[in-house]
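Novice: Just passing along the structure, written as structure tokens.
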Amino acid sequence: MDALDLARWQFGVTTVYHFLFVPLTIGLGIFVAGLQTAWHRTGKEHYLRLTKFFGKLFLINFAMGVVTGIVQEFQFGMNWSAYSTFVGDVFGAPLALEALLAFFLESTFLGLWIFGWDRLPRRIHLATIWAAAIGSNLSAYFILAANAWMKHPVGYEVVNGRARMTDLWAVLTNPTALAQVPHVVAASFVVAGGFVIAVSGYRILHERRTAAAETDTVAELVTSAAPAGRDTAAAAAPRRWAAGRGGAGRPKAGTADPGMWRSSLRAALVMTAIAGAVVAGSGDVSARYMHEQQPMKLAAAEGLRHDTAGAPFSPLPGVEVPKLLSLLSAHDPGATVQGMQDIQQRYQAEFGPGDYLPNVPVVYWSFRVMIVFGLTTVALSLLGLWLTRRRRPTPGWFARAGVLALPLPLMAVIAGWLLSEIGRQPWTVQGELLTAASVSPGVSLGEVATSLAIFTAVYGVLAIAEVRLLVRHVKAGPDPVAVPSGPGRPGDTDAAAGGTDRNARLQPTLMY
Amino acid sequence: MALPTFWFLVIAFLWTGYFVLEGFDFGVGALLPVLSRNEAERRQVLATIGPVWDGNEVWLITAVGAMFAAFPAWYSGLLSSFYLPLVLVLTALIARGVALEWRGKVTARERVLCDVGIVAGSALAAFLWGAIFAGLLWGGVLATVLGGAFSLTLALVHGAVFLALKTAGPLRARARRAALGLAAVALPVAVLALPGIPSAGAVGGGFRVYPLPWLAALAAAGALTAAVALLWRHREGWAFTATAASIVLATTALFGTLWRAPLPGMTVAEAASGPYTLGVLTWIGLAALPFVLGYQAWTYWVFRKRVTA
């Protein structure tokens with residue numbers, strides 16, 4: 001065990017952890033923006049309640065994505081200074097652009113959205129959540145362009161032992177990036193879709209149970225009007241509102257009209273199904289680039305030892321579908337796919353003696369987990385769309401399956417990253433820089449061990465806190481919303497602000 | 001102007017923006033338990049920075065990202081040589097950020113934990129930035145502690161003045177008194193610490209050789225003094241301008257000194273990326289920055305009113 005191993009573990013731990021939150025930020029941000037747009041267009045109150053409900057879950061998650069992201073940017077310099085000095089000229093540019101063009105947009109407009117409910121005209125306020133969500137998605141593009149450069153470096157030359165950028169456009173339109181961006185972003189929408197399906201499924205089941213209990217006695221209904229978990233919501237004012245005016249026939253916290261969760265469920269099913277198609281299509285393109293650009297990763301993902309024409313695909317060890325791997329990776333059933341041992345010999349001839357194999361079992365199994373779990377989630381969404389077609393009620397078993405399937409898309413995206421990054425080893429920059437030569441020369445084992453211990457401990461505690469917080473808010477259900485009048489037709493909102501704005505005020509803030 | 005020189009100025013500008021903006025975020029966060037007497041006042045305090053702190057933090061992300069792109073050797077050398085202090089900075093920023101975002105969504109008992117995270121995270125980060133840059137200039141425990149004390153006390157004064165400017169009612173008066181009291185500590189610390197910036201070791205050179213950082217450091221002390229006088233006369237807006245100017249000038253002194261050697265034994269030109277990278281980033285930066293500054297300024301305009309309890 002030396003500083004290099006620990007630095008790699010630290011990068012793995014902090015990156016995987018960061019990416020538990022990021023997909024939800026990317027996908028859920030757009031989903032919440034969509035809900036608010038639906039409210040703005042239709043004026044239906046349940047869209048506003050859904051916006052606020054999922055908005056709160058989004059914000060709980062967003063915080064974690066932000067703070068763990070700062071670590072990532074510092075980590076390159078702290079643990080991987082040799083890498084950073086070598087690649088900064090090229091790799092630093094998309095990172096700087098990410099901060100300037102995406103993070104400012106995301107953070108500034110999210111602040112406006114959170115605190116602007118009663119400060120901004122409705123249409124401007126709607127625009128702020130879109131700007132923030134677009135910022136999140138834009139950041140995905142820049143960081144994935146940087147990441148793609150590590151797999152398939154383009155637009156540079158090496159001068160005096162440092163990479164020098166010669167063409168920014170080539171870096172930003174790296175074919176590897178253009179395949180990877182839709183793949184990862186769409187996978188993020190699958191994760192967010194899976195999350196909304198699980199939450200909606202839980203709420204549907206919960207409310208059916210509550211409704212069944214409420215039919216027993218009317219007295220029961222009165223006591224359950226203050227549902228368990230409401231004490232946890234910090235805002236005292238909305239609670240007083242609920243107590244004061246909630247009795248006048250308004251939906252109470254934790255309950256909803258029956259169509260509400262159906263709309264969020266159906267919207268998430270559609271989103272997951274469409275995103276699933278994009279993931280599959282862009283995954284196919286990525287596989288072909290991998291065949292050309294990173295043959296070792298492809299060989300490891302398949303456990304293919306020798307160069308093989310008409311290579312078979314094995315979904316599981318021992319099971320083989322003839323010629324399928326060649327067909328998938330080159331769109332030609334007779335194509336030759338390179339095998340690990342033959343690539344190893346070629347690399348030794350090209351780059352000198354060394355072990356150029358990644359950790360084959362991890363790469364092999366990550367590939368399968370990614371495909372199986374990802375496709376299961378997408379299949380579930382298609383099944384759900386069929387089951388709930390034409391106003392059919394959601395079957396209880398499907399709602400339960402949606403809840404149980406929550407971890408699947410997350411595990412699929414994490415497995416995808418393990419495949420992608422462990423499969424790139426032993427290189428940090430394919431064919432240019434080895435991971436062993438990338439680590440900070442001046443940083444000691446003790447320092448890396450200390451920081452690894454601190455981050456692991458802090459992240460562990462925060463993970464538990466985040467899950468508890470999310471579960472609690474999902475269980476508590478949406479807050480009641482004070483909307484005496486709908487937003488009306490789009491267009492009359494700003495003009496009418498003077499007269500009706502005071503009535504139309506929403507509850508002050510989501511956050512503080 | 002040569003591109004490396006221009007990008008050194010850009011990075012100095014980004015760090016300056018970060019210190020000015022997060023300076024009051026840190027000060028407000030650290031003063032939370034001192035200035036507020038109950039939950040309503042705690043909310044009032046935090047509502048002053050609530051809409052803006054996350055956008056302010058992006059100045060740091062951009063400063064560090066720009067260093068990575070424009071001066072890779074400076075970025076990697078600085079970050080790897082201040083390894084453990086930066087781990088602490090990151091931990092502090094994590095604790096503060098999560099606590100600020102989660103505070104309104106947890107139980108009363110957990111809210112206490114969030115408050116601990118906000119106070120400790122803000123104070124620690126404010127201390128560490130000064131300590132890290134003092135360590136870079138001088139090394140040694142004394143300089144590090146003095147640098148940390150300087151950035152912490154300056155952030156506290158800056159934050160208290162910001163609160164006096166942005167709140168109404170009893171909190172406003174309390175924040176003003178706190179700012180005046182804190183200035184009694186911050187001013188002597190500043191007078192001790194500020195000359196240390198331009199005089200740092202071999203890199204600074206004397207006043208006659210290279211007067212800029214000396215003048216900036218002197219002016220920083222002057223601005224802080226002016227802030228006290230203005231606050232004394234209840235000119236909160238001008239007092240905030242003066243504390244902000246003090247941070248700008250102190251950062252100018254810092255980067256003016258670092259201009260000679262951003263890291264020991266390294267020149268700006270050696271650390272810089274190639275002319276192509278710097279050139280293309282210049283065009284994109286010049287095109288984007290007005291928009292970024294514009295919408296951030298607009299956020300402050302939207303939330304310009306004093307926060308009431």
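Novice: Can you name every residue in region A:121-167 that is among the charged types (D, E, K, R) and in a strand (DSSP E or B)?
Specialist: A:Glu157, A:Arg162, A:Arg164
Novice: Another question, then. Which condition breaks for B:Arg176 when tested against (1) over 20 Å from B:Tyr18 (Cα atoms); (2) among the charged types (D, E, K, R); (3) buried (at least 24 other Cβ atoms within 10 Å of the Cβ)?
Specialist: (3)
Novice: Residues of region B:18-76 being acidic (Asp, Glu), facing chain A (nearest Cβ under 9 Å) and closer than 25 Å to B:Tyr295 by Cα, which ones?
Specialist: B:Asp54, B:Glu57
Novice: Continuing with the same structure: Return the residue satisfying two criteria in turn: it lies in region B:83-94 and is under 15 Å from B:Asp54 (Cα atoms) and in contact with a Ser or Thr (Cβ under 9 Å, 6 or more places away or on another chain), and of such residues it is farthest from the other protein chains (Cβ to nearest Cβ).
Specialist: Filtering first and then ranking leaves B:Ala92.
Novice: Another question, if that's okay. Could you say which residue among A:Ala219, A:Ala198, A:Ala211 is modelled with pLDDT of 85 or more and of a type outside the set (Val, Ile, Thr)?
Specialist: None of the other options fit; the residue is A:Ala198.
Novice: Next up: Could you tell me which numbered condition B:Gly139 fails, if it satisfies all but one of (1) at positive phi; (2) buried (at least 21 other Cβ atoms within 10 Å of the Cβ)?
Specialist: (2)
Novice: A further question on this structure: Given the options B:Ala164, B:Ala131, B:Ala190, B:Ala143, name the one that is under 19 Å from the mean Cα position of the chain (by Cα) and closer than 14 Å to B:Gly23 by Cβ.
Specialist: Of B:Ala164, B:Ala131, B:Ala190, B:Ala143, the one residue that is under 19 Å from the mean Cα position of the chain (by Cα) and closer than 14 Å to B:Gly23 by Cβ is B:Ala190.
Novice: Now, a different point. List every residue pair whose Cβ atoms lie under 8 Å apart, where the two residues are 6 or more positions apart in sequence or sit on different chains, the first residue falls within region A:40-67 and is of a type in the set (Ser, Thr, Tyr), and the second residue, located anywhere, is buried (at least 20 other Cβ atoms within 10 Å of the Cβ).
Specialist: Pairs found: A:Tyr47/A:Leu35; A:Tyr47/A:Gln36; A:Tyr47/A:Trp39; A:Thr51/A:Val32; A:Thr51/A:Leu35; A:Thr51/A:Gln36; A:Thr51/A:Trp39.
Novice: Kindly establish whether A:Leu101 is under 22 Å from A:Thr128 (Cα atoms), in contact (Cβ under 8 Å) with a residue 40 or more places away in the chain and more than 7 Å from every other protein chain (Cβ to nearest Cβ).
Specialist: In short, no.
Novice: If A:Gly354 passes every condition in (1) without any contact (Cβ under 8 Å) to a residue 60 or more places away in the chain; (2) on the phi > 0 side of the Ramachandran plot but one, which one does it miss?
Specialist: (1)
Novice: Here's a check for you: in region A:338-374, which residue that is among the polar types (S, T, N, Q) and over 35 Å from the mean Cα position of the chain (by Cα) is surrounded by the fewest Cβ atoms within 10 Å (Cβ to Cβ)?
Specialist: Looking at the filtered set, the residue picked out is A:Gln345.
Listed here are the residues, each with its yes/no results for (1) in contact (Cβ under 8 Å) with a residue 40 or more places away in the chain; (2) of a type in the set (Phe, Trp, Tyr); (3) in contact with a helix residue (DSSP H, G or I) (Cβ under 7 Å, 6 or more places away or on another chain); (4) in the same structural domain as A:Ser286 (by TED's automatic domain parsing).
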| site | (1), (2), (3), (4) |
| --- | --- |
| A:Pro312 | no, no, yes, no |
| A:Pro317 | no, no, no, no |
| A:Glu320 | no, no, no, no |
| A:Ser326 | no, no, no, no |
| A:Ala330 | yes, no, yes, no |
| A:Val337 | yes, no, yes, no |
| A:Gln341 | no, no, no, no |
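Novice: Return the total of residues in region A:119-163 being within 11 Å of chain B (Cβ to nearest Cβ) and among the charged types (D, E, K, R).
Specialist: Adding up the residues that qualify gives 3.
Novice: So, in region B:95-121, of the ones that are buried (at least 22 other Cβ atoms within 10 Å of the Cβ) and basic (Lys, Arg), which residue ends up farthest from the other protein chains (Cβ to nearest Cβ)?
Specialist: Across region B:95-121, the extreme among qualifying residues is B:Arg96.
Novice: Inside region A:431-471, can you point out the residues that are of a type in the set (S, T, N, Q), modelled with pLDDT under 90 and within 21 Å of A:His18 (Cβ to Cβ)?
Specialist: A:Thr435, A:Ser438, A:Ser440
Novice: If you scan region A:376-394, which residues turn out to be assigned to a helix (DSSP H, G or I) and touching a residue at least 60 places away in the same chain (Cβ under 8 Å)?
Specialist: A:Thr377, A:Val378, A:Leu380, A:Ser381, A:Leu382, A:Gly384, A:Leu385
Novice: Let me ask something else about it. If I filter region A:90-98 for residues that are buried (at least 24 other Cβ atoms within 10 Å of the Cβ), at the interface with chain B (Cβ under 9 Å from one of its Cβ atoms) and touching a Pro at 6+ places or on another chain (Cβ under 7 Å), do I get at least one hit?
Specialist: Within region A:90-98, one or more residues are buried (at least 24 other Cβ atoms within 10 Å of the Cβ), at the interface with chain B (Cβ under 9 Å from one of its Cβ atoms) and touching a Pro at 6+ places or on another chain (Cβ under 7 Å).
Novice: Within region A:111-120, identify whether any single residue is assigned to a helix (DSSP H, G or I) and either more than 24 Å from the chain's Cα centre (by Cα) or modelled with pLDDT under 90 (or both), and answer yes or no.
Specialist: yes
Novice: Looking only at region A:418-438, count how many residues are farther than 13 Å from A:Val360 by Cβ and assigned to a loop (DSSP other than H, G, I, E, B).
Specialist: Here the count works out to 5.
Novice: Also: Test A:Val67 against the criterion of being more than 10 Å from every other protein chain (Cβ to nearest Cβ), under 17 Å from the mean Cα position of the chain (by Cα) and surrounded by 23 or more Cβ atoms within 10 Å (Cβ to Cβ), and give yes or no.
Specialist: Answer is no for this residue.
Novice: How many of the residues in region A:5-37 are surrounded by fewer than 18 Cβ atoms within 10 Å (Cβ to Cβ) and hydrophobic (A, V, I, L, M, F, W, C)?
Specialist: So the answer is 3.
Novice: Name the pairs: first residue in region B:177-197 and farther than 17 Å from B:Ala134 by Cα, second residue hydroxyl-bearing (Ser, Thr, Tyr), Cβ to Cβ under 7 Å, at least 6 apart or on different chains?
Specialist: B:Leu182/B:Thr153; B:Val185/B:Thr153; B:Leu187/B:Thr225
Novice: Quick one: which of A:Phe104, A:Phe86 is assigned to a helix (DSSP H, G or I), buried (at least 21 other Cβ atoms within 10 Å of the Cβ) and in contact with a Lys or Arg (Cβ under 7 Å, 6 or more places away or on another chain)?
Specialist: A:Phe86
The values are calculated or read from the model by the stated rules, or taken from the named source; none is laboratory data. Please read these numbers as outputs of a predicted model, since none were measured by experiment. Glycine gets a Cβ as well: all are built from the backbone with ideal geometry, and neighbour counts include every protein chain shown.
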